[in-house]
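What follows is a set of notes on a single structure, which appears directly below.
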Amino acid sequence: MARGDYPSSKQDQYVLRFPTGMRDRIKAAAERNGRSMNAEIVATLEGAYPDLVDRHDEFVFFDTLNDLQRDLIQRIEYLRQIRLREFRNEASSEFLEAWADRLNGTLKPADPKETKS
């Protein structure tokens, strides 16, 4: 195969100068990750500069997740309001029943001596 026949020869190329010691750090990272230095550099650059077109599905997922979260928060607030209303109604009913019993003489007021500790 001639040099220009490889798929990689058709890809963009850029000559790069590394600061002292960086080549060795990249080589060590590439060996740890089981890939070539080129693949290590490309993976590092992909992490820093993601292709937003390729991540469209991820953005859609997170938008959907945010919508679901907002919906869930609204539903929880709605249920909280219902429960609060029920609690107030129960408390009002108990209060009114206690006063009705007191007015009918079936419930005596609490003895202040018994409530002191």
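Computed from the coordinates by the stated procedures, all read-outs in this text should not be read as laboratory data. Being a predicted model, the structure only gives us computed values, none of them experimental. We place every Cβ from the backbone using ideal geometry, glycine too, and count neighbours over all the protein chains shown.
Table for the structure above
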{"quantity": "Global form of the range 51-107, assessed from the alpha-carbon gyration tensor, a/c cut-off 1.5", "calculated": "prolate"}
{"quantity": "Cα centroid of the range 56-82 to Cα centroid of the range 29-53, whole Å", "calculated": "35"}
{"quantity": "Student exercise, the range 14-106 dipole from Lys, Arg, Asp, Glu Cβ charges, in Debye to nearest 20", "calculated": "540"}
{"quantity": "³J(HN,Hα) computed for each position of the range 32-49 - Karplus, 6.51 cos²θ - 1.76 cosθ + 1.60, integer Hz, glycine/proline x", "calculated": "4, 8, x, 9, 6, 4, 4, 5, 5, 5, 4, 4, 5, 5, 4, x, 7, 10"}
